[in-house]
Amino acid sequence: MQLNKQKLSSWWKGLILVVVALLALAGLYLWSVMNWSYSNGERAGYVQKFSRKGWLCKTWEGELSMVAMPGSMPEKFAFTVRDDMVADRINALMGKRVALVYDQHVGIPSDCFGETAYFVTAVKAVE
């Protein structure tokens, strides 16, 4: 009877160790994906949609309309904003031509962090 309790106790300890290791690896992966940028750049145009979305994790989601040449079809650039100060600045510049500074993060495991891979970090008014 004592031997079975020891086996069961060591089995539970091993299971807990495996679960903790998996959680640590998942946390490390998430941290690296959110802090390492695949690419970055700027896009200029007019913000045509911008709203705060999400059931549990609220993020600002928007759409920038970019026109390369007059008369051509505009290209749409979907983006995510996680910083409320940047979102306030975008809301203040609605209807004006803006340049959005962004970082692209590839491999994000959930929509909870944003619906797109493009995270806007700054906004500038374009004259």
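The values are calculated or read from the model by the stated rules, or taken from the named source; none is laboratory data. This structure is a prediction, so every number in the text was calculated from the model and none was measured. Because the Cβ atoms are built from the backbone with ideal geometry, glycine has one as well, and the counts that use them run over all protein chains shown.
For the stretch 84-127, residues that are among the small types (Gly, Ala, Ser), touching a residue at least 12 places away in the same chain (Cβ under 8 Å) and over 30 Å from Gly27 (Cβ atoms) total 3.
Residue-wise test of (1) over 14 Å from the mean Cα position of the chain (by Cα); (2) at pLDDT 90 or above.
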residue: Ala68; (1), (2): yes, no
residue: Met73; (1), (2): yes, no
residue: Phe77; (1), (2): yes, yes
residue: Val81; (1), (2): no, yes
residue: Met85; (1), (2): yes, yes
residue: Ala92; (1), (2): yes, yes
residue: Lys96; (1), (2): yes, yes
residue: Ala99; (1), (2): yes, yes
residue: Gln104; (1), (2): no, yes
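If the condition is being more than 13 Å from the chain's Cα centre (by Cα) and within 15 Å of Pro109 (Cβ to Cβ), then the stretch 23-43 contributes Leu23, Leu25, Ala26, Gly27, Leu28, Tyr29. Only one entry in Met73, Met69, Met34 is among the hydrophobic types (A, V, I, L, M, F, W, C), in a loop (DSSP other than H, G, I, E, B) and over 21 Å from Glu127 (Cβ atoms), namely Met73. Among the residues of the stretch 76-111, those that are part of a loop (DSSP other than H, G, I, E, B) and either charged (D, E, K, R) or surrounded by 14 or more Cβ atoms within 10 Å (Cβ to Cβ) (or both) comprise Arg82, Asp83, Leu93, Lys96, His105, Ile108.
Only one of these is among the basic types (Lys, Arg) and touching an Asp or Glu at 6+ places or on another chain (Cβ under 6 Å): Lys96, Lys49, Lys124. Name it.
So the residue among Lys96, Lys49, Lys124 that is among the basic types (Lys, Arg) and touching an Asp or Glu at 6+ places or on another chain (Cβ under 6 Å) is Lys49.
If you filter the stretch 51-66 down to residues that are within 12 Å of the chain's Cα centre (by Cα) and not acidic (Asp, Glu), you find that the one that is surrounded by the most Cβ atoms within 10 Å (Cβ to Cβ) is Trp60.
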